[in-house]
1. Look at segment B:43-55 and say how many of its residues are farther than 16 Å from B:Met26 by Cβ and crowded, with 19+ Cβ neighbours inside 10 Å.
2. Which of the residues spanning segment A:6-24 are closer than 19 Å to B:Met115 by Cβ and under 19 Å from the mean Cα position of the chain (by Cα)?
3. Has segment B:15-26 got any residue that is within 12 Å of chain A (Cβ to nearest Cβ) and among the acidic types (Asp, Glu)?
4. Take segment B:99-115 and flag every residue that is over 28 Å from A:Ser69 (Cα atoms) and modelled with pLDDT of 95 or more.
5. Wholly within segment B:48-142, which helices (runs of 4 or more DSSP H) include no fewer than the required count, namely at least 3 residues that are at the interface with chain A (Cβ under 9 Å from one of its Cβ atoms), over 30 Å from A:Lys2 (Cβ atoms) and of a type in the set (Gly, Ala, Ser)?
6. Out of the residues in segment B:30-47 that are more than 7 Å from chain A (Cβ to nearest Cβ) and of a type in the set (Val, Ile, Thr), state the one that is nearest to the chain's Cα centre (by Cα).
7. Output the residue which, of all residues in segment A:22-44 that are farther than 17 Å from B:Gln43 by Cβ and surrounded by fewer than 19 Cβ atoms within 10 Å (Cβ to Cβ), is nearest to the other protein chains (Cβ to nearest Cβ).
Amino acid sequence: MKQDLLADFKDQCRRGLQRSVTDRMRYGFNYVYKPVLDDAEWRSFNSTAEYRQWCRDNLPEYLGYGELSDLQRQVLDEA
Amino acid sequence: MKRESFTPIQAQQVAAAFSKHQVDYMFIGKSGAILLGYPGTTQDVDVFPRKDIENGRRIVSALAELGFEIDSTLGAEIVRGKDFVQIKNGPFDIDLVFAPDGIENYDDAKARVDMSSGFPVANIRDIIESKRAAKRPRDAIELPLLRAFQRMYEEKNP
C-alpha cells in the first residue's frame, strides 16, 4: 500500500477505534441490494466450500466472489 | 420483507435474544471487525455459532423472536447445523457460518473471543485468517487493510 494511502487509512483506524460501538455500527452497516445474492429468502449449504462454489458459479463477477487472479492470490498470501 | 441496514438497536436485540435463549456464538467476518473499530462498511451480519443440535434449536428460537421467518425447512437446516446458512427474510441479513474457513474449531476460537465491544467477537486474527482462507477477490482488497487495522488494534489493546 502506498505510504500516503496507508497514513490516511491509519487515521481512519484511529477515528474508528475512538468511536463508540454504537457509532461504529451506525457508520459500518449499510444495506445495498446485491443481485442474485439477495434474490432468495434463505439458502443453506453443506459446506463453506459448497457456498463459495455457488458464489463463483452464480454471482456477478463485480461482487467479488469469483476466482482469484494471480495478483489477488499474491496479495492474500502476503497480507 | 423490506431489508434495511443493521442498526445499533438491532445489535442489542440480537445480543439480548441470543443471551435469553443461551445461544453460544460470536460475531465474525467484517461485521465483527467493525464492532472492534475497523473503519469499513458491510451489509450483513456474520455469526459463528457452536455447531450442535441444542444450540441450533436455541438459534431458531432467538431468530424467530427477532422477526425472522423460520419455517420448518429452514429451522431443520439450522438445527442440523449445515455449515453455511444465509437468511435474508428478517429485519436484516444474517449469515450463520458454522464452519468458517481458516478456523479449526469453535472452542479454540471461543478461547480467543474479544469482548471489548460488549459483544462476543472473534479475535481479529481469526477474522483475518478466515478471510484469507476464503480466497475471494473481495478479500484481496480488504485483507491488507484488516492487517493494518490489526496492528493498530493490538497496540491499543495489548
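The values are calculated or read from the model by the stated rules, or taken from the named source; none is laboratory data. Just so it is clear, the structure is predicted and the values come from calculations on it, not from any experiment. For neighbour counting, all protein chains shown are included, and Cβ atoms are generated from backbone atoms with ideal geometry for every residue, glycine included.
1. Final tally of qualifying residues: 1.
2. Listed by number, the residues that qualify are A:Gly16, A:Arg24.
3. Checking segment B:15-26: not a single residue is within 12 Å of chain A (Cβ to nearest Cβ) and among the acidic types (Asp, Glu).
4. Applying the first criterion (over 28 Å from A:Ser69 (Cα atoms)) to segment B:99-115 yields B:105-115.
Selection gives B:Tyr106, B:Asp107, B:Asp108, B:Ala109, B:Lys110, B:Ala111, B:Arg112, B:Val113, B:Asp114, B:Met115.
5. Of the helices (runs of 4 or more DSSP H) lying wholly inside segment B:48-142, none has at least 3 residues that are at the interface with chain A (Cβ under 9 Å from one of its Cβ atoms), over 30 Å from A:Lys2 (Cβ atoms) and of a type in the set (Gly, Ala, Ser).
6. This residue is B:Val47.
7. It comes out as A:Thr22.
Every residue, every condition in (1) over 20 Å from A:Glu50 (Cα atoms); (2) modelled with pLDDT under 95, yes or no:
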site: B:Val97; (1), (2): no, no
site: B:Lys131; (1), (2): no, yes
site: B:Lys135; (1), (2): no, yes
site: B:Gln150; (1), (2): yes, no
